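Notes to accompany the following structure.
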Amino acid sequence: MSNLTRADVTPEAIWMNRRQIIAAMGAGSLAGGIGFGARAQNTLEPHSWEQITGYNNFYEFGIGKDDPAKNAGAMKTEPWTVKVDGLVDNPGEFSLADLIGDIPTEERIYRFRCVEAWSMVIPWNGFELNKLLAKVGVKPEAKFVAFETAVLPDVMDGVNYPILDWPYREGLRLDEAMHPLTIMATGLYGKPIPNQNGAPMRLVVPWKYGFKSIKSIVRMSLVEDQPHATWQQTNPKEYGFYSNVNPDVDHPRWSQASERVIGAGLFGGRIDTLPFNGYADQVASLYDGMDLRENF
């Protein structure tokens with residue numbers, strides 16, 4: 001696997017002509033510069049910068065889809081501190097630069113599927129979470145990774161209202177966190193990740209519904225017991241801990257069998273949702289023997 005830097009990332013304008021590049025270079029040569037999982041998806045065409053950065057759920061900045069883009073600009077992401085604690089060898093409060101500055105980044109083009117039944121394709125820049133976990137050292141008794149989002153009342157007006165139980169929290173089972181598809185994203189289209197998309201660092205787990213991919217992380221804890229997850233606590237009948245994309249398990253209020261592709265237009269129709277969002281070959285084995293209707 002290549003360890004690419006931001007200087008190696010393909011510019012947005014070229015990505016939007018991706019089919020021509022593949023035809024000219026050959027799919028194999030292009031795939032060689034893309035990380036694990038993306039290699040098998042070298043025909044995915046990313047959405048535009050405007051679509052990805054203008055249509056977001058980030059309730060800390062408002063509940064409308066355009067609220068984050070309008071309101072998140074006031075958040076300062078430098079300096080940024082991340083607390084690492086729990087069952088780790090090297091706990092502490094770290095500047096983001098000290099925590100991840102020596103971990104090379106690469107590009108990952110992933111499908112993104114929201115629990116609200118809409119989807120995009122996004123070219124993230126980041127690194128595998130397992131590399132960060134190796135750096136801080138995971139103790140043998142750790143079974144889960146818990147995450148928390150920043151709470152900044154002066155710039156995040158949403159946290160001043162009981163929309164959710166702040167701070168926003170999420171978690172993964174350790175084997176999910178260690179999987180090569182699970183990344184920490186710090187960029188988009190080769191540029192620093194915008195505030196509304198989770199600056200300066202967010203989780204991306206492409207086979208799960210988007211709310212699992214927690215944004216603007218300020219704390220990461222290795223724990224033995226299944227951690228708190230905000231949406232699961234808010235409504236456990238609708239939002240399970242695992243939240244794997246599953247077209248056979250509907251949300252109680254809508255079908256998950258299909259999805260609306262952002263930007264497809266009024267007559268663009270819907271497309272069928274794929275099990276594990278199209279990543280079943282890579283991740284289904286993590287759940288062997290589990291009842292995915294019960295563990296939704």
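The values are calculated or read from the model by the stated rules, or taken from the named source; none is laboratory data. This structure is a prediction, so every number in the text was calculated from the model and none was measured. Counting neighbours? That spans all protein chains shown, and the Cβs are built from the backbone with ideal geometry, glycine included. In case anyone asks, the SASA skips ligands and DNA or RNA and just uses the protein heavy atoms, side chains included. Shrake-Rupley method; radii C 1.70, N 1.55, O 1.52, S 1.80 Å.
Assorted remarks:
- Apportionment of accessible area to carbon and sulfur, region 157-296, percent (1.4 Å): 51 percent
- Ellipsoid fit via the Cα gyration tensor, region 36-161: semi-axes of 27, 23, 14 Å, each the root of five times an eigenvalue, largest first.
- In terms of its C-alpha gyration tensor, region 133-223 has an oblate overall shape, because the principal axis ratio a/c (a ≥ b ≥ c, square roots of the eigenvalues) is not below 1.5 and a/b does not outweigh b/c.
- Estimated distance in nm for a label pair at Glu78 and Asn295, the labels positioned 7 Å out from Cα along Cα-to-Cβ: 4.3 nm
- Zone of Asp154's modelled label, taken as backbone nitrogen in region 50-81 under 18 Å from a point 7 Å along Cα→Cβ: 61, 71-81
- Across the accessible surface of region 37-154, with the other protein chains kept in place and a 1.4 Å probe, carbon and sulfur atoms take up 52 percent.
- Annotation: per residue accessible area for region 52-176 equals 40 Å², rounded to a whole number [probe 1.4 Å, protein chains only].
- Full-stretch length increase - Ala97, Lys139 - with 0.36 nm per residue and alpha-carbon distance subtracted: 12.8 nm
- Of the GluC sites (Glu not before Pro) in region 203-285, the ones in a loop by DSSP (not H, G, I, E or B) with at most 16 other beta carbons within 10 Å are Glu224, Glu238.
- Low-density loop cleavage sites - trypsin sites (Lys or Arg not before Pro) in region 186-275, where at most 13 other Cβ are within 10 Å (DSSP): Lys237, Arg253
- Distance between region 41-89 and region 196-236 - C-alpha centres, whole angstrom: 12 Å
- Cα-projected label distance for Arg270 with Leu286, points at 7 Å along beta-carbon direction, nm: 2.6 nm
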